[in-house]
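The structure appears right after this line, and notes come after that.
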Amino acid sequence: MAFKGGGGMGNMNNMLKQAQKLQEEMARAQEELKTRTVEASVGGGAVQVVVNGKNELLELKIKPEAVDPDDVEMLEDLIKAAVNEGLRKVEEMTSSEMGKLTQGFKIPGLF
């Protein structure tokens, strides 16, 4: 009995090509996302931050009225909240853009 399996190999090669193309597109998207920035502010704009896609804090702006020598803890909390919000927005941006490529299919370790 002869094995007639040519079609199966073609499908496998096609799947591998598609996976390689997706991997290349994702790598390009990840590099592009590193250059994007997001802004976040808290306390009615008292503290503002700009974070890039590499999770680096690029800018930190503090309004003078947010600086109270008698309540440094409040300013520290505002800074932490602004930075965390900026990082959350970067994660959301990355997840959204990568989701477009993977059509919502989560691939562990990629994002």
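The values are calculated or read from the model by the stated rules, or taken from the named source; none is laboratory data. As the structure is a computational prediction, the values presented were derived from the model and not from experiment. Cβ coordinates were reconstructed from backbone atoms using ideal geometry, including for glycine residues, and neighbour counts include every protein chain displayed.
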*Out of the residues in the stretch 1-20 that are in a helix (DSSP H, G or I) and over 30 Å from Met98 (Cα atoms), state the one that is modelled with the highest pLDDT.*
Gly7
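This table checks each residue for (1) on the phi > 0 side of the Ramachandran plot; (2) exposed (fewer than 11 other Cβ atoms within 10 Å of the Cβ); (3) of a type in the set (A, V, I, L, M, F, W, C).
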site	(1), (2), (3)
Met9	no, yes, yes
Lys21	no, yes, no
Met26	no, no, yes
Leu33	no, no, yes
Gly44	yes, yes, no
Leu57	no, no, yes
Leu75	no, no, yes
Asn84	no, no, no
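Of all the residues that make up the stretch 21-55, how many are of a type in the set (Lys, Arg) and not in a helix (DSSP H, G or I)?
2
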*Quick check: is even one residue across the stretch 56-68 in a helix (DSSP H, G or I) and of a type in the set (Lys, Arg)?*
no
